Amino acid sequence: MELSWGLLLLLIAIFGAAAFWHDTLGARESANDAARETCAATGAALLDGTVAFRSLRIVRGDAGRPQIERTYLFDYSTDGVSRRQGFVVVCGRRIESIGLQP
């Protein structure tokens, strides 16, 4: 079987999409862990039990290399009645920042 350029490009695209998907799952798991730990440390309850994807952008990471930065949102409650929103910014799989509404 002969490998044509079209098939080779298709395989590269499929591999790239699979790598991006795998990296996104890892980043989301890191964001989930950070949201759970932050809520536990502040005595808040993480509502819905997970984070939700908000945005994605390309930024300069360490040593000036481009990296994907993802922002996730989550809801939490400190009193069991009010619903507030927090965010987690993940660059690669590293947590860049976490914020909670006052």
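Numerical summary
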| read-out | value |
| --- | --- |
| Test: residue in the stretch 74-81 that is of a type in the set (S, T, N, Q), open to solvent by 30 Å² or more (accessible area, probe 1.4 Å) and either part of a strand (DSSP E or B) or within 14 Å of I98 (Cα to Cα) (or both) | no |
| Filter result for E69 (open to solvent by less than 70 Å² (accessible area, probe 1.4 Å) and part of a strand (DSSP E or B)) | yes |
| Residue in the stretch 21-51 that is nearest to Y72 (Cα to Cα), counting only those that are charged (D, E, K, R) and open to solvent by 50 Å² or more (accessible area, probe 1.4 Å) | R28 |
| Unmet requirement for F87, which otherwise passes all of (1) open to solvent by 50 Å² or more (accessible area, probe 1.4 Å); (2) over 19 Å from T24 (Cα atoms); (3) modelled with pLDDT of 95 or more | (2) |
| Residue satisfying condition, being outside any strand (DSSP E or B), of a type in the set (A, V, I, L, M, F, W, C) and either over 15 Å from the mean Cα position of the chain (by Cα) or farther than 14 Å from G99 by Cα (or both), within set A19, A31, A35 | A19 |
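The values are calculated or read from the model by the stated rules, or taken from the named source; none is laboratory data. Keep in mind it's a predicted model, so treat the numbers as computed, not measured. Just the protein is used for accessible areas: all its heavy atoms, side chains included, with ligands, DNA and RNA removed. Shrake-Rupley method; radii C 1.70, N 1.55, O 1.52, S 1.80 Å.
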